[in-house]
Amino acid sequence: MTAPIPRPGILDIAPYVPGKSSAEGHAKPIKLSSNESALGPSPRALAAYAKAAAEIHRYPDGACEALRAAIGKRFGLDPARIVCGAGSDEIIALLTKAYAGPGDEVLFTEHGFLMYPLAALAAGATPVKAPERGLRTDVDALLAKAGPKTRLCFVANPNNPTGTYIPASELQRLRDGLPAHTLLVVDAAYAEYVSRNDYGDGAELVGARDDTVMTRTFSKIFALGGMRLGWCYAPPGVIDVLNRVRGPFNVSAPAQAAGIAALEDLAFADRSRAHNDIWLPWLTRELRGLGLEAPDSVGNFVLVRFPGGEHSAAAANAHLARDGIIPRAVAAYGLAEHLRITIGTEDEMRAVVTSLKRFLAP
Ligand SMILES: Cc1ncc(COP(=O)(O)O)c(C=O)c1O
């Protein structure tokens, strides 16, 4: 007897390996491996979550009406053009499943977020990588790889794990150069951290055309990674497609309640951004001061390159782990000599630098 087998390609998928959360011998390690918020969730979100507990025998609002209204209000967007999901991961997977299949190509950048190739393979489509230039999205390289089979193009802006971004004008140039049959997905998971004048999260493109989507998340500045909550802003045709393929109750009631409360707590998000504005440049400067290379990041994390040999990224990872600090190894992103470090609290940032100073000491 043979067991049922999945579609061709499914067993070629290497399952996503999340950032580690434990370090041997350390009961309370410093977890800097998943770009979680340094300040934790808003007390208002926690209170809304606790209140929702009494009603968990009820199905959630499958349309996420109140949550979409709150998102629309906060970001100045039409709620009818928003779909919510169990994390933006779910939106990425749904878009890929709906728009690509066997024989189709899904395009993304060399060090792009790992969910893009995973979603492509799960849909039976072919992942295609375009080289980056200086760890940054290269629009010309993406356009050179786009062709008749390209059904989707994912660009994380800013990108994880590099932390770099391209300006709105470059996003526009990408959209204008892509074939009309290619859906451009601008993944703006870290948009709330970015304060550059020339930055674009893709919303303007979405508003003006019918071939571009912007995805966002509550897992980063809104600090609700454990709730699984994300959303997208999309043209009506894509909204219609997503509402057909998503599960009818894909976002839990406590997640909807916590999300609304997190959006309302403007002061808390401001504090998180202000914290990042201090400690992102601080950590970048300190790492460079140690002789390590780190690109300018606009997210809540820094990608750092180690020189190799006895000072390899793997050795640094092991050294940090002995000190109870967990960074993210990024070899799966084609960055074997780098580690990604999330911006944590002041004490956590100082602990990282102290540990790396000892690691690099002659
Ligand atoms: C670029 C990017 N997109 C999407 C996500 C997924 O976020 P979530 O599924 O938690 O909304 C992440 C998470 O790290 C990310 O870095």
Handout entry: Estimated Rh, the chain: Kirkwood, alpha-carbon pairs, angstrom
Key = 21.2 Å
Handout entry: Distance in nm between pseudo-label sites at N243 and D61 (7 Å out along the Cβ direction from Cα)
Key = 1.4 nm
Handout entry: Charge dipole of the stretch 39-111 about the Cα centre (unit charges at C-beta), most positive-ward option of T109, L95, P79
Key = P79
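If a/c stays under 1.5 just call it rounded; otherwise compare a/b with b/c (prolate if a/b is bigger, oblate if not). Do that for the stretch 295-362, with a ≥ b ≥ c from the square roots of the Cα gyration tensor eigenvalues.
Values: a/c = 1.63, a/b = 1.03, b/c = 1.59.
Oblate, since a/c reaches 1.5 and b/c is not below a/b.
Using the 2.2 N^0.38 Å rule of thumb for compact globular proteins, work out how the stretch 249-329 stacks up: its C-alpha Rg over that value, please. Can you show the working numbers first?
Values: Rg = 17.8 Å, N = 81, 2.2 N^0.38 = 11.7 Å.
Output field value: 1.52.
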Practice task
Bin all alpha-carbon pair distances of the stretch 192-257 at 5 Å intervals from 0 and give each bin's fraction as a whole percent.
Solution key: 3, 14, 20, 21, 20, 15, 6, 1
Fill in the blank from the handout: Under the 7 Å Cα-to-Cβ spin-label approximation, A53 and H311 lie apart by a distance in nanometres of 4.9 nm
Fill in the blank from the handout: Calc'd 3J(HN,Hα), the stretch 180-189, phi into Karplus 6.51 cos²θ - 1.76 cosθ + 1.60 (θ = phi - 60°), Hz, glycine/Pro = x, comes to 5, 7, 9, 7, 8, 10, 8, 8, 10, 4
Exercise for the section: Just order 68-74, 120-126, 356-362 by mean Cβ neighbour count inside 10 Å, highest at the front, would you? Expected result: 120-126, 68-74, 356-362
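Which of the peptides 294-300, 134-140 is most tightly packed, and how do the rest follow, going by the mean number of other Cβ atoms within 10 Å of each residue? Let's see the in-between values first.
Details: 294-300: 22.3, 134-140: 18.7.
Per-residue mean Cβ counts within 10 Å order the peptides as 294-300, 134-140.
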Fill in the blank from the handout: Per the rule of 0.36 nm per residue minus the C-alpha distance, extending R7 to A318 adds in nm 108.1 nm
Practice task
Kindly state, to the nearest 0.05, the FRET efficiency for L46 paired with K97, given R0 = 35 Å and r defined as their beta-carbon distance.
Solution key: 0.55
Completion exercise
For the stretch 194-201, Karplus-derived ³J(HN,Hα) couplings (6.51, -1.76, 1.60; θ = phi - 60°; whole Hz; x for glycine and proline) come out as 8, 10, 9, 4, 8, 6, x, 8
Problem - Sites S169 and R74, calculated FRET efficiency, Cβ-Cβ separation with R0 41 Å, nearest 0.05 - result: 0.95
Exercise for the section: Give the cysteines in the chain for which no other Cys Cβ lies under 4.7 Å away, or write none if there are none. Expected result: C153, C232
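Between A274 and D198, 0.36 nm times their residue separation minus their Cα-Cα distance comes to what? Don't skip to the end; give the middle numbers.
Values: separation 76, 0.36 × 76 = 27.36 nm, distance 1.96 nm.
So the chain would gain 25.4 nm between A274 and D198.
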Handout entry: Sequence-distant residues sharing a close amide H with E110 (under 5 Å, placed H)
Key = A130, E132
Problem - Size of charge dipole - the chain - debye, nearest 20, with Cβ of Lys, Arg +1 and Asp, Glu -1, no other charges - result: 440 debye
Handout entry: Amide H partners (placed H, <5 Å) of D138, local residues excluded
Key = R133
Handout entry: Inter-site label distance for H26 and H181 at 7 Å from Cα along Cβ, in nm
Key = 5.1 nm
Completion exercise
The set of residues whose placed amide H lies less than 5 Å from the amide H of I343, leaving out same-chain residues fewer than 5 positions away, is F301, V302
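Once a ≥ b ≥ c are taken as the square roots of the eigenvalues of the Cα gyration tensor of the stretch 1-95, is the result rounded (a/c under 1.5), prolate (a/b larger than b/c) or oblate (a/b not larger than b/c)? Don't jump to the answer; show the numbers that get you there.
Details: a/c = 1.86, a/b = 1.18, b/c = 1.58.
Since a/c reaches 1.5 but b/c is at least a/b, the shape of the stretch 1-95 is classed as oblate.
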Problem - Highest to lowest packing among 340-349, 150-159, scored as the average C-beta count within 10 Å - result: 150-159, 340-349
Completion exercise
What helix-only [θ] at 222 nm does the chain give? Using -39500 (n - 2.57) per DSSP H run of at least 4, over all residues, to the nearest 500, the answer is -11500 deg cm²/dmol
Exercise for the section: Using 0.36 nm per residue of separation minus the Cα-Cα distance, give me the extension gain between W282 and R209 in nm, one decimal. Expected result: 22.3 nm
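Bear in mind that the values in this text are calculations on the coordinates, not laboratory data. Just so we're clear, the structure is a prediction, and the values are computed from it rather than from any experiment. Neighbour counts are summed over all protein chains in view; Cβ atoms, including those assigned to glycine, are modelled from backbone coordinates with ideal geometry.
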